[in-house]
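The values are calculated or read from the model by the stated rules, or taken from the named source; none is laboratory data. Keep in mind that what you see is a predicted model, and the values were worked out from it rather than measured. All Cβ positions, even for glycine, are placed from backbone atoms using ideal geometry, and neighbour counts span all protein chains on display. With ligands, DNA and RNA removed, areas are computed over all heavy atoms of the protein, side chains included. Shrake-Rupley method; radii C 1.70, N 1.55, O 1.52, S 1.80 Å.
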Amino acid sequence: ARSVLATTEKPTKAPQACDIADSCAGARDASTLRAQLEPYSTPQLTRRLEVTFGASLPAGARGDRERVFAALLAAYAATGVGDGLGAREVVYAAGAPVSDAAADALLDALRRTAWTSTRERPRVDADHYLTLQRPRTKYYDADGNYNAAGQKAQKNAAKLARHRAVWDLAVAALAEVDAAYAETFTSLAVTHGFRGSPHIDTENLAAFYGCSLGDYSAGGGMIAVEYDASTVCWVDTRRKFGRVDGRFPHWVTDYSGERYSLIYYRTEGDADPLPDVPVDGAYRLEGAA
């Protein structure tokens, strides 16, 4: 039976991962509780300790990230969760399938991608990473030329032109699942070999869609997202589109083999309210506790 879960707290916008830790997201061991919580700011961690666990900080510890973490991890350990102990409960969500024709055409285009030697997001762990931006008419004048504010947009347009096949196929694939979002997302992250990297998408204004393709290990390479303080949701995006709010900590579960991913997200316009849960339709596996 499927049971929808509830969360007790909402994350707020946190600093970039490398501003709040000694290491970047890509250097974190996503299997550890500490790494999964690392994207949160120190005040957010303090709130979890005090509100969720009903515990108090030691005297003089407020604002001291390491002492806050020590107290929070001790609170988790008291419930049997933590490194060397049990993991947080895992629930699941199934993405919406894309047609074989669309998935196969997109995978073929991804395999033909001419990647640059420089990853655009070096703080995460990925073999290749590039972002493509939807052209914006506000950067053009009446004659169709870029205005002064559009110099960066001109570079983005040139990059989009180089990867137009991937873009067009990616948009067409998403349109099978959510035609409205396919017309309104502003950015597409295209990755190869993305691993682990617990982080929060601080610039996102709404939930994203994620899809993964390739010949990688069964049961692996899912998008994991913190569902609530005691629960993690694994979202199956293999040849499927999963809708996940990246304003909650999330990462990729372990896998081996060839994995490409596409993340469609929005960074312009009004922000959607932060939801109670990052994924709709979460369920426990049959027979799970």
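Of the helices (runs of 4 or more DSSP H) lying entirely inside region 25-97, the ones with 3 or more residues being polar (S, T, N, Q) are found at 42-47. Could you give every pair whose Cβ atoms fall below 9 Å, whose first residue belongs to region 65-76 and is farther than 13 Å from Gly54 by Cβ, and whose second residue is of a type in the set (Asp, Glu) and surrounded by 19 or more Cβ atoms within 10 Å (Cβ to Cβ), counting only separations of at least 6 or pairs across chains? Here the result reads Phe69/Glu38, each pair linking region 65-76 to a residue that is of a type in the set (Asp, Glu) and surrounded by 19 or more Cβ atoms within 10 Å (Cβ to Cβ). Against the test of being modelled with pLDDT of 95 or more, of a type outside the set (Asp, Glu), exposed (fewer than 13 other Cβ atoms within 10 Å of the Cβ) and farther than 24 Å from Thr253 by Cβ, the options Gly63, Gly80 yield a single qualifying residue, Gly63. Considering region 244-273, and only residues there that are at negative phi, at pLDDT 95 or above and more than 15 Å from the chain's Cα centre (by Cα), the residue that is most open to solvent (accessible area, probe 1.4 Å) turns out to be Asp270.
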